[in-house]
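Below is one structure, written out as structure tokens, with a few remarks after it.
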Amino acid sequence: MSALASFNSLVRRSLVSAGVVIAVGLGVACTSDETTTNPATVDAGTDSGGTRIICGAGAALCAGNEWCAYELVGSCGKDGQRGTCTVRPPNCATDCPAVCGCDGKIYCNACEAQAGGTDVDKARACLPGGGEILAFALPGDPAKVAVLKKDEARSLCVRLTLVARLGSRYGLDVPSEWGVDGAEATNDPADCSVTSTGTLPTPKGANLGPVNGQGRVTFSADRGQAGKYPCSLSIAARLQFEPSPSVPWVPTVEALSAQNVNVAGGCP
């Protein structure tokens, strides 16, 4: 511990013994070898590890390269749960079962949520069930891939088209060298299909494009036709719409979540 840190620690302990509450997380800085805790506990000492920072329940905010690992996994700090500031993982696996973050966003997996600075929320229903995810390779230059969510029960079709050129939209993270060509929701499940010429059909009913979105699409490493198309893909994403009296069937938020979906026409 440096001389300055020793002096600060001595002052803090003196204040605590005198009954002064030190407001950690409210602008009072702590040295790097001290543990920040909830002010209500009046614990201003250093911990045995020398660098552990306590977060949650009114304690310190974690640094920009950290996330708060709560004691109860998936609690998101509810009911006064506290945690430990932990360095964000630098690399994550590419599997994409889709999880909900404590920030309300969708992530491919828990590691990606942590890399995004949050924990996984096991109580949040940000991935409603229902519907079927389909994927098709659309011939042409540039190459395109259609990701479709067909929900017969709600008479709904959601279409997302990826194109082999840079430039994404709707806040979606897509594979390198690919971009988002367009997206829309229609009120006819039959629109979630491909014509005999390999194109998406013109919507039979009403349709509406999203205003925003969030999430990720990942491709399998193998490539089919001329090395263009993925053989399969995974998606963990949400699209946000603005319903109106003219399109009351449009969901405010629609989730698209599936792993290892075969891309029809993508591989021989």
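Just so it is clear, none of the values below were taken in a lab; they were calculated from the coordinates. For clarity, every value in this text was computed on a predicted model and none was experimentally measured. So basically every Cβ, Gly included, is an ideal-geometry build from the backbone, and we count neighbours across all protein chains shown.
For an R0 of 22 angstrom, estimate the FRET efficiency from the Cβ-Cβ distance between R154 and T94 and round to the nearest 0.05. Don't skip to the answer; put the middle values down first.
Details: r = 31 Å, r/R0 = 1.39.
Efficiency computed from Cβ-Cβ geometry: 0.10.
With a Förster radius of 35 Å applied to the beta-carbon distance between T252 and R52, the computed FRET efficiency rounds to 0.30.
Rounded to the nearest 20 debye, what is the charge dipole size of region 132-264 about its Cα centre when +1 sits on each Lys and Arg Cβ and -1 on each Asp and Glu Cβ?
Working: 12 positive and 13 negative charges, 33 e Å.
Computed about the Cα centre, the dipole is about 160 debye.
List the lysines whose alpha-carbon lies under 24 Å from that of K150, not counting same-chain residues fewer than 8 positions away? Straight-distance partners of K150: K105, K204.
Panel values: region 130-205, Kirkwood radius from alpha carbon pairs, Stokes-Einstein at 10 °C and 1.306 mPa s, translational diffusion coefficient 125 µm²/s.
Size of region 136-268: Rg and Dmax of its alpha carbons, in Å, are 14.2, 46.
Exactly which GluC sites (Glu not before Pro) in region 123-202 are in a DSSP loop and have at most 14 other Cβ atoms within 10 Å?
Values: sites: E132, E152, E177, E184; in loops: E152, E177.
Qualifying residues, ordered by number: E152, E177.
Around the amide H of G182, modelled in the peptide plane, lie the amide H atoms of T161, all under 5 Å away and 5 or more residues distant in sequence or on another chain. Residues T195, T94, T218, T86 in ascending order of nearby Cβ atoms (within 10 Å, fewest first): T195, T94, T86, T218. Each of D181, D79 has some number of other Cβ atoms within 10 Å of its Cβ, and from fewest to most they run D79, D181.
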